[in-house]
1. Do we find a residue being over 30 Å from residue 364 (Cβ atoms), within 18 Å of the chain's Cα centre (by Cα) and buried (at least 18 other Cβ atoms within 10 Å of the Cβ) anywhere in segment 156-172?
2. Could you tell me whether residue 116 is free of Cβ contacts under 8 Å to residues at least 60 places away in the same chain and among the charged types (D, E, K, R)?
3. Working only within segment 341-372, note down all residues that are among the hydroxyl-bearing types (Ser, Thr, Tyr) and touching a His at 6+ places or on another chain (Cβ under 8 Å).
4. Of everything in segment 405-445 that's in contact (Cβ under 8 Å) with a residue 40 or more places away in the chain and touching a Gly at 6+ places or on another chain (Cβ under 8 Å), which residue is nearest to residue 391 (Cα to Cα)?
5. If a residue has to be in contact with a Lys or Arg (Cβ under 6 Å, 6 or more places away or on another chain) and buried (at least 23 other Cβ atoms within 10 Å of the Cβ) to count, how many in segment 265-298 make the cut?
6. Among the residues of segment 77-116, which ones are touching an Asp or Glu at 6+ places or on another chain (Cβ under 7 Å), in a loop (DSSP other than H, G, I, E, B) and open to solvent by less than 10 Å² (accessible area, probe 1.4 Å)?
7. Filter segment 145-155 for residues that are in a helix (DSSP H, G or I) and either in contact with a Cys (Cβ under 8 Å, 6 or more places away or on another chain) or open to solvent by less than 10 Å² (accessible area, probe 1.4 Å) (or both) and give the result.
8. Being touching a helix residue (DSSP H, G or I) at 6+ places or on another chain (Cβ under 7 Å) and either modelled with pLDDT under 90 or more than 29 Å from residue 340 (Cβ to Cβ) (or both) is the filter here; which residues of segment 367-391 pass it?
Amino acid sequence: MRRGEGALDDEPADHAEGPPGEPADGAAAARSGSAPGAVTAYGSRGGAKPLPEAEPGSRGVAPDGSTGSGHTGQAPRAAADGERLARAALTRVIEPGDERGGRWLREFGARGLLERLTAPPDEPDALPGATPRRLAGYRIRAAAADPERDLAAAAAADGRFIVPGDAEWPTQLDDLGDARPLGLWVRGRPDLRKWALCSVAVVGARACTPYGAHLAASLGSGLAERGWVVVSGAAFGIDGAAHRGALAAGGATVAVLACGVDVVYPRGHAQLIRRVAEQGLVIGELPPGDHPTPSRFILRNRVIAALTRGTVVVEAEYRSGSLVTARAAQRLGRHTMGVPGPVTSGLSAGVHELLRGEGTLVTDADEVVELIGEMGDLAPERRGPVLPRDLLDPLSARLLAAFPARGTADPEGLARAVGLTPDETGGRLYELHSLGFVERVGDRWQLTRCASHGPNVWRGGA
């Protein structure tokens, strides 16, 4: 499980088929937190609770009971509650990112899909494309699901469950298509949809260097000071540094977990996750009590990519879950950015490969905002300091450059070196003298101490 603590070195698993076939009753009960053999709200035995009846075309009903046609009432409210309960139950049945489950959900609706999963086992063609063994695994999970208990557990942790059609649902997640989350479990007071409109992801290696941790914290605080919401995965390393930077600046941050929002993982970040929940938002696809697995970390990254306007990778090896997030952002048409590191560091190799492709090089929060912000959000112009020598006209600059770093020079030799007449050379020497660059020593001239030893010396110097 250590490899699952962060995004580093995790690879996508074959998840399209859903849960493993024919899991043991005890395993299914462990997922739902109930004892084997218990009759639950959606069990296939006689104690099952019926879902509230839905009116035709009631999918996507708003939480306030609105049907979208201006009518409100008890039946639409019941339909909305039934949709929410069904989706909450399905979060215990279908793994995150399961596109086959997403197609079934699109075809049958949440209530219809759950009814097919809790129908008598001998019903033929309950779900097209599912093998009998796979369907049996789904049925065991569906029988153990208790969405009312999960909603109560989320409420006890000061959380809630939002679904597509809710006012708080971030519609950019719809870009994931059939891999869109069934719903999101949320802890925290702010409105997720509004926060996601101005958000950026900062991700990277779990085993990061001090250089990477410093840059991630700097990016987190800089983005927060500019009014941007910092989104990351609450893992060790870059994720934690980005969250801490945003929190230290008194800004907004969102932690996207690969487990239930009431589960502290990694345990070393218990205080950090608590602070994020108090000052920002903690969200996840998995129901309360569910624990992470390596594949869930990888699938969580697609939510981070879809939720934000762009993704910044600070440090990442060639095999890194952070690059999975960046590639997902590219597929979704989001901005992908990378912070360069030493070419000798393996932890920056993946970032450099990203920058060789379609990634954009950034070094601070100003450059990130310039790329993903509104028109006119430009980073300040970067240039070195303007030195006194820079303000000289070309001939005076050539004359000053002709002086030796040490010792004196005669006017005739300077005139030959620059290609000026003796009279014009004399005039320009006195101009340079008045500006403090040169001084006269008898019949000869030399650079002043400031000109020969200052930071703007061109040649030689002490």
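The values are calculated or read from the model by the stated rules, or taken from the named source; none is laboratory data. Everything quoted here is computed from the prediction, not taken from an experiment. A quick note on method: Cβ atoms are made from the backbone with ideal geometry, for glycine too, and the neighbour counts reach across all protein chains shown. When the accessible area is computed, the model is the full protein with side chains, heavy atoms only, and any ligands, DNA or RNA have been set aside. Shrake-Rupley method; radii C 1.70, N 1.55, O 1.52, S 1.80 Å.
1. Taking segment 156-172 and keeping what is over 30 Å from residue 364 (Cβ atoms), we get 156-169, 171.
Still in the list and also within 18 Å of the chain's Cα centre (by Cα): 169, 171.
Those left that are additionally buried (at least 18 other Cβ atoms within 10 Å of the Cβ): 169.
For segment 156-172, residues over 30 Å from residue 364 (Cβ atoms), within 18 Å of the chain's Cα centre (by Cα) and buried (at least 18 other Cβ atoms within 10 Å of the Cβ): present.
2. It is true that residue 116 is free of Cβ contacts under 8 Å to residues at least 60 places away in the same chain and among the charged types (D, E, K, R).
3. To start, the set of residues in segment 341-372 that are among the hydroxyl-bearing types (Ser, Thr, Tyr) comprises 344-345, 348, 360, 363.
Within segment 341-372, just 360 meets the criteria.
4. 405
5. Number of matching residues: 2.
6. 91
7. Quick first cut of segment 145-155, residues in a helix (DSSP H, G or I) only: 147-155.
Within segment 145-155, 147, 150, 154 meet the criteria.
8. 377, 378, 379, 380, 389
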